[in-house]
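> Shown below is the structure under consideration.
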Amino acid sequence: MAYDETKVQFTDVSTSQYIYGEEWDDNHKNDYIVDNDLTTVWEGAHNAYATVKFATPILLSKVDVTVTAGDAVMQNINVVAVDGANETALWSSGSFYVGEGEVITKSKEFSNTTVKEIQVKFSNNGWWHGWINEIRVYGTVPGAVNYTPALILMQ
């Protein structure tokens, strides 16, 4: 937690909810796709996805997706905004090669993109196994920040 005389800034605070598509492998239910550990892996079918829901609309600034492969494969990552039944494409990584045991992070920065829900979709040209080590989504609540001064007791 950062602190100075005028503000307290909390870190590592999550306001989003991650939901995994039905294509994810039951053997990895106890692993977390957002656990700050690139050695844990979610394994799923070639069309697996994770849905990220926010408590309020956010101004999306960046998405990082880290993937690995047990076998060498071509992979592709797509990020879409979801609004009810409507999807809007935000980014496609294009196909990229991941060598056996290799770990690769693909990133996309955004500006002026406000979302309340996104899906990070993963495909690997029809291979059964798709491994995602970590999904990190960055953003801020858009607009002016109005706050009520308050006393915070820290012990």
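The values are calculated or read from the model by the stated rules, or taken from the named source; none is laboratory data. This is a predicted model, so every value here is computed, not measured. Here the Cβ positions follow ideal geometry from the backbone for every residue, glycine too, while neighbour counts run over all protein chains shown. The area values use the complete protein model at the heavy-atom level, side chains included, leaving out ligands, DNA and RNA. Shrake-Rupley method; radii C 1.70, N 1.55, O 1.52, S 1.80 Å.
> Give the residue, chosen from Glu43, Glu100, that is part of a strand (DSSP E or B), modelled with pLDDT under 90 and not hydroxyl-bearing (Ser, Thr, Tyr). So that I can check it myself, show each step before the final result.
Working: Glu100 fails: part of a strand (DSSP E or B).
Among Glu43, Glu100, only Glu43 is part of a strand (DSSP E or B), modelled with pLDDT under 90 and not hydroxyl-bearing (Ser, Thr, Tyr).
> Would you check if Asp31 is open to solvent by less than 50 Å² (accessible area, probe 1.4 Å), of a type in the set (D, E, K, R), modelled with pLDDT under 85 and closer than 20 Å to Asn133 by Cβ? Before the answer, list the steps.
Numbers: open to solvent by less than 50 Å² (accessible area, probe 1.4 Å): yes; of a type in the set (D, E, K, R): yes; modelled with pLDDT under 85: yes; closer than 20 Å to Asn133 by Cβ: yes.
Yes: the conditions hold for Asp31.
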